[in-house]
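The values are calculated or read from the model by the stated rules, or taken from the named source; none is laboratory data. Just so it is clear, the structure is predicted and the values come from calculations on it, not from any experiment. Because the Cβ atoms are built from the backbone with ideal geometry, glycine has one as well, and the counts that use them run over all protein chains shown.
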Amino acid sequence: MHRSGRPTGDSTRGRRFEVLTGLVPLVVLVIVWEIIGSPDSPFYPAPSSWWPALFTRGQGEDIIPAIIDTTRTFSLGLVIATIVGVTIGIAVGVSARTDRAFGPMFEFARALPPAAMVPVATLLLGFDEPMKIVVVVLAAVWPIMLNTRTGIRSIDPVRLDMARSLRLSRRRTIGSVLLPAVMPAVLLGVRVATPVALVITLLVEYLTGVNGVGALVGDAQRTFQPARVYALIVIAGLISLVVNSLVRSAEERVRRRHGVERE
Amino acid sequence: MSFECRSVRADVGAVGANRTVLDDVSLDVASGEFVSIMGRSGVGKTTLLRVLAGLQEPSAGSTVRFEGRPVDGPPDGVSLVFQDYTSALLPWRTVAANVELPLEGHLSKPERSERVAATLEMVGLADRANDRPPQLSGGMQQRVQLARALASRPAALLMDEPFGALDALTKSDLEDELLALVAETSTTVVFVTHDIDEAVYLSDRVVVLGGEPAGIAADVVVDCPRPRTQIRTRESAEFLAARSRVHEVIFGTR
Amino acid sequence: MLVAAAVLWELLVRAEVAELQFLPAPSEILLAARSAVTEGELLGRVIHTVGVTLLGWSVASAVGFGLGLILGLSNTAYRFSMTSFEVTRAIPPITFVPAALLIFGFSLRMELVLVIFGGVWPVLVNTIGGVHAIPSELRDVGAMLRLGRLATVRKIVLPAALPSVVVGLRLALSLCLVLAIVAEIVGNPAGIGDGLIRARQALQPALMFVYVIVAGLLGVVLNAIFRTVVRALVPGGDTPDGRSW
């Protein structure tokens, strides 16, 4: 162990190079797959057959609407979860009494795995958009609420004294001091909640067969179109990469503005 | 009279697990006076300052008045400067926006910008108005806090070890700037510090807390003429006399 | 508060204020739980799910830890593969279900593959993170003591990275449980997830709630056991809260 730790490129060019070299195994895998896989293999169809498979049998017009559907359910769910999570997080963060009163209920609700709630929700709420959003919110709200609560509690007491001694009004204290101070914690919660929300969105779509990329994958699987399944997996992966990096860069920006580096 | 305290008693700690730190503290601070509060760490200097600032309620039977009105909550016309500038300043706001914070909702936008610019000019930070606090040195950040405290034109300034975290050279600069500022604005100052030289150099009176729970162990008048200068004042007989007196009260005659 | 909420729920359902047609009252859930326990169905399903979870978790941990160690220690390995892992990790595991179903059918193998695939990532990421976070002073200590490469890894790198690895293992455990249940819901006809789906087909919402609650309890219990074991083996080796779904 005579080398230094993580290979951090000094220049952005170095880091970009690293990102590219890091892709080597994946590229090799795809090439090997392409060579040994045949387009009609029931299990491992060659990658070159994936893209065309999206458009065979008169399909293809359904891809873009599916992506839009998935993105809408996911982002609506995440936004609602953020609003609800931050509100509850602040309420239980500032008042120990509220926390004691609702704490056990939250612990109980949080322990229920959202994935297992999906079949229940389809029975109770039916197969429609609001049901999907409810399930996504139920899954995504906890990390946001818990991080907000922790964030509120870890605000330096000096900062609160400062607000009081400047005689800031309650509204101004929340708007100018509490909310901005808790933003990094909220975004950390959102970052954790993002993949959860996406997975639950896809799971609901897959189980109910109602719209979205998840429904398309399920359909492709049930009608034995493996190439189409793989193509849709790639699409889901791309959606995930995009939303994750969006959230991450938002978090980065807020952190930098707050002058904090710590995780 | 700026502050009047009569038999102030104060506890710290959670209800049930509290400890009385101050007992029977009576103290008057005249308008325009500069009073330092000294004592060993943990003696209750900060508690006394928090009581004056209206951040902590003293026990029943205590009387605390500012300009004749009882203190219940942070009084109008009093500003507090904290030692920990990283927490007291908001890193997501620019220097100017930090100074503007107490004025929001009280003054119109143009009045605020004018006041902020003038106050930053006073502390010599006019050119850093659009930076964020973390980009500034410790001394500069403490100047920003001072500017924010002065922006509302307070009659009294409470300062809790404001220069305690700064290096000696910066500290001595800021001491002189503070003296110039309060002389110009004739602001009353109550200043908590654990640096005897600093207390004597800045103050008209040095109040030493002692005992457990603490009361006033000594009230030392510093007879040095103003304006004071780092070299001449610190060499004067009056300075040395006051300094020895405070030292004696805190450490005994060793 | 919890009791009050349950009572309120019961009253709302009884008074038929709650409009959800299939929302069972807490009392019905209790009854359903009792019959599921006495008929022995619940126990069998729990054993299956826990078994798959633990098996999958062990494999995932071994793979994740081994890979993580290699990527953490070797800059070359890191540079020439990390992006590939990042990209693969970003793919939501649920979308692999259809592919796994096509390849393995509705089987235990499919369930295991999904559990292992999902469980590898937290262990991998936390192992790499743990190794990279070792302060350089500690590495210098190893060099000064003239420890060999292997001895450095064994005596300095591993102990220093351990807390982070432990966090990864714990996150992976909850994730494996959830993935096992998901696999059972969508594919492998066994375990708690399958019970959930069967109860849904039989329109027994009370029984569904029983399974959801049991799934939640399993998560809590596994987590508690893990913490207890870790606390016994490595003092101070765990930190609270990560993610799980």
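General observations
- Each residue in region B:201-233 was checked for being under 27 Å from B:Asp84 (Cβ atoms), free of Cβ contacts under 8 Å to residues at least 60 places away in the same chain and either among the hydrophobic types (A, V, I, L, M, F, W, C) or crowded, with 22+ Cβ neighbours inside 10 Å (or both), and 1 pass.
- Filtering region A:232-247 to residues that are surrounded by 14 or more Cβ atoms within 10 Å (Cβ to Cβ) and either away from chain C (no Cβ under 11 Å) or in a loop (DSSP other than H, G, I, E, B) (or both) leaves only A:Val247.
A quick yes/no check of all residues on (1) among the basic types (Lys, Arg); (2) closer than 20 Å to C:Leu222 by Cβ:
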position: C:Leu108; (1), (2): no, yes
position: C:Phe117; (1), (2): no, yes
position: C:Gly130; (1), (2): no, no
position: C:Pro135; (1), (2): no, no
position: C:Arg139; (1), (2): yes, no
position: C:Gly142; (1), (2): no, no
position: C:Gly148; (1), (2): no, no
position: C:Val153; (1), (2): no, no
position: C:Val157; (1), (2): no, no
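- Within region A:60-106, the set of residues being among the acidic types (Asp, Glu) and either surrounded by 13 or more Cβ atoms within 10 Å (Cβ to Cβ) or at pLDDT 80 or above (or both) comprises A:Asp62, A:Asp69, A:Asp99.
- Screening A:Asp128, A:Asp161, A:Asp62, A:Asp99 for residues that are free of Cβ contacts under 8 Å to residues at least 60 places away in the same chain, out of contact with any helix residue (DSSP H, G or I) (no Cβ under 6 Å at 6 or more places or on another chain) and not small (Gly, Ala, Ser) leaves exactly one candidate, A:Asp161.
- Of everything in region C:129-152 that is within 28 Å of the chain's Cα centre (by Cα) and assigned to a helix (DSSP H, G or I), the residue that is nearest to C:Phe226 (Cα to Cα) is C:Gly130.
- The numbered conditions (1) surrounded by 24 or more Cβ atoms within 10 Å (Cβ to Cβ); (2) within 20 Å of A:Asn211 (Cα to Cα) are all true for A:Met145 except (2).
- Residue match in region C:22-34 (condition: more than 14 Å from chain A (Cβ to nearest Cβ), buried (at least 18 other Cβ atoms within 10 Å of the Cβ), in a helix (DSSP H, G or I) and not acidic (Asp, Glu)): yes
- Hits in region A:144-192 (condition: of a type in the set (S, T, N, Q) and out of contact with any Ser or Thr (no Cβ under 9 Å at 6 or more places or on another chain)): A:Asn147, A:Thr150, A:Ser154, A:Ser169, A:Thr173, A:Ser176
- Scope region A:115-131; condition over 13 Å from C:Leu203 (Cα atoms) and in a helix (DSSP H, G or I); matching residues: A:Ala115, A:Ala116, A:Met117, A:Val118, A:Leu125, A:Glu129, A:Pro130, A:Met131
- Qualifying residue in region C:71-80 (condition: without any contact (Cβ under 8 Å) to a residue 24 or more places away in the chain, closer than 21 Å to A:Leu241 by Cα, in a helix (DSSP H, G or I) and within 14 Å of chain A (Cβ to nearest Cβ)): yes
- In summary, B:Val35 fulfils each of the numbered conditions (1) of a type outside the set (D, E, K, R); (2) under 25 Å from A:Pro180 (Cα atoms); (3) surrounded by 15 or more Cβ atoms within 10 Å (Cβ to Cβ); (4) not assigned by TED's automatic domain parsing to the domain that holds B:Arg143 with the single exception of condition (2).
- Among the residues making up region C:84-128, those that are out of contact with any helix residue (DSSP H, G or I) (no Cβ under 6 Å at 6 or more places or on another chain), more than 9 Å from chain A (Cβ to nearest Cβ), part of a helix (DSSP H, G or I) and farther than 17 Å from C:Leu169 by Cβ are C:Leu108, C:Arg109.
- The selection criterion, being within 14 Å of chain B (Cβ to nearest Cβ), farther than 30 Å from C:Val97 by Cβ and surrounded by fewer than 21 Cβ atoms within 10 Å (Cβ to Cβ), holds for A:Arg171.
- Inspection of region C:52-60 identifies no residue that is more than 14 Å from every other protein chain (Cβ to nearest Cβ), touching a helix residue (DSSP H, G or I) at 6+ places or on another chain (Cβ under 6 Å) and modelled with pLDDT under 85.
- Residue in region A:177-194 that is without any contact (Cβ under 8 Å) to a residue 60 or more places away in the chain, polar (S, T, N, Q), surrounded by 19 or more Cβ atoms within 10 Å (Cβ to Cβ) and part of a helix (DSSP H, G or I) present: no
- Residue in region A:211-228 that is facing chain C (nearest Cβ under 10 Å), buried (at least 17 other Cβ atoms within 10 Å of the Cβ), more than 16 Å from the chain's Cα centre (by Cα) and aromatic (Phe, Trp, Tyr) present: no
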